[in-house]
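Please read the structure below before turning to the comments.
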Amino acid sequence: MGAFLSPFSWFILVCIGIVLMIIAYMLFTFKPKKTVSRSYRQKGKPGAPGVCPICCTVLGKGEQLKTKVYPSEGTDRLCSIYGCPHCYPVEESGTNRFCPVCKASVAPESYLIARLFDRSKTNKHVRILGCKQCRNG
Ligand SMILES: [Zn+2]
Ligand SMILES: [Zn+2]
């Protein structure tokens, strides 16, 4: 014994070294990620394509609005828009759900009513008519 470390002590030292390396690695890789996720999500104009009409968040790839389209025989259909993954079913911090027509806040259980123009594959657009409250007067 004496000056020599037992194999068990070496094992602990190696483990501590690995843990320190993992922590250092995490600190390095985490920093830029944190600044990205901390910065507020881009806000767009309500009604613009790829923008949530309720909280104005610019939707990322694969993020879709939660909508319910009512069946209709015509080309124009009514649909309700519940929100995007950032404001429905849970509002993220920094997002505000409001109606682009009457500017009133839209409760999580409420929704916007929109008309869906589906005349052709290239001519598809949505017009927001209002929230449940201002549509019902
Ligand atoms: Zn939203
Ligand atoms: Zn409204």
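The values are calculated or read from the model by the stated rules, or taken from the named source; none is laboratory data. Since the model is a prediction, treat every value here as computed from it, not as a measurement. Here Cβ is always computed from backbone atoms with ideal geometry, including for glycine, and neighbour counts include all displayed protein chains. All accessible areas refer to the heavy atoms of the entire protein, side chains included, with ligands and DNA or RNA removed. Shrake-Rupley method; radii C 1.70, N 1.55, O 1.52, S 1.80 Å.
When segment 95-125 is filtered for residues that are surrounded by 14 or more Cβ atoms within 10 Å (Cβ to Cβ), in a strand (DSSP E or B) and within 16 Å of ligand 1 (Cβ to nearest atom), the ones remaining, listed by number, are PHE98, LEU112, ILE113, ALA114. When we screen ARG41, ARG77 for residues that are in contact with a Ser or Thr (Cβ under 6 Å, 6 or more places away or on another chain), more than 9 Å from ligand 1 (Cβ to nearest atom) and modelled with pLDDT under 90, the only hit is ARG41. Here GLY60 clears all of (1) within 16 Å of ligand 2 (Cβ to nearest atom); (2) modelled with pLDDT of 90 or more except the condition numbered (1). A search for C-beta distances below 9 Å between a residue of segment 99-123 that is farther than 19 Å from TYR70 by Cα and any residue that is charged (D, E, K, R) and more than 9 Å from ligand 2 (Cβ to nearest atom), counting only pairs 6+ apart in sequence or on different chains, returns PRO100/LYS45; SER105/ARG97; VAL106/ARG97; ALA107/ARG97; PRO108/GLU91; PRO108/ARG97. The residues of segment 52-67 that are within 9 Å of ligand 1 (Cβ to nearest atom) and hydroxyl-bearing (Ser, Thr, Tyr) amount to a single one, THR57.
Of all residues in segment 44-59, those satisfying the criterion of being more than 21 Å from ALA107 (Cβ to Cβ) and surrounded by fewer than 16 Cβ atoms within 10 Å (Cβ to Cβ) are LYS45, ALA48, PRO49, GLY50. Of the residues making up segment 120-137, those that are modelled with pLDDT of 75 or more and not charged (D, E, K, R) are HIS125, VAL126, ILE128, LEU129, GLY130, CYS131, GLN133, CYS134, ASN136.
Can you name the residue in segment 80-93 that is touching a strand residue (DSSP E or B) at 6+ places or on another chain (Cβ under 9 Å), open to solvent by 30 Å² or more (accessible area, probe 1.4 Å) and not acidic (Asp, Glu) and, of all such residues, is nearest to ligand 2 (Cβ to nearest atom)? The qualifying residue nearest to ligand 2 (Cβ to nearest atom) is TYR82. The single condition from (1) open to solvent by less than 40 Å² (accessible area, probe 1.4 Å); (2) assigned to a loop (DSSP other than H, G, I, E, B) that GLY62 fails is (1).
Given the structure, is ARG77 in a strand (DSSP E or B) and open to solvent by 40 Å² or more (accessible area, probe 1.4 Å)? Taking the combined requirement at face value, the residue satisfies it. Every condition in (1) open to solvent by less than 60 Å² (accessible area, probe 1.4 Å); (2) modelled with pLDDT under 75 holds for LYS33 except the one numbered (1).
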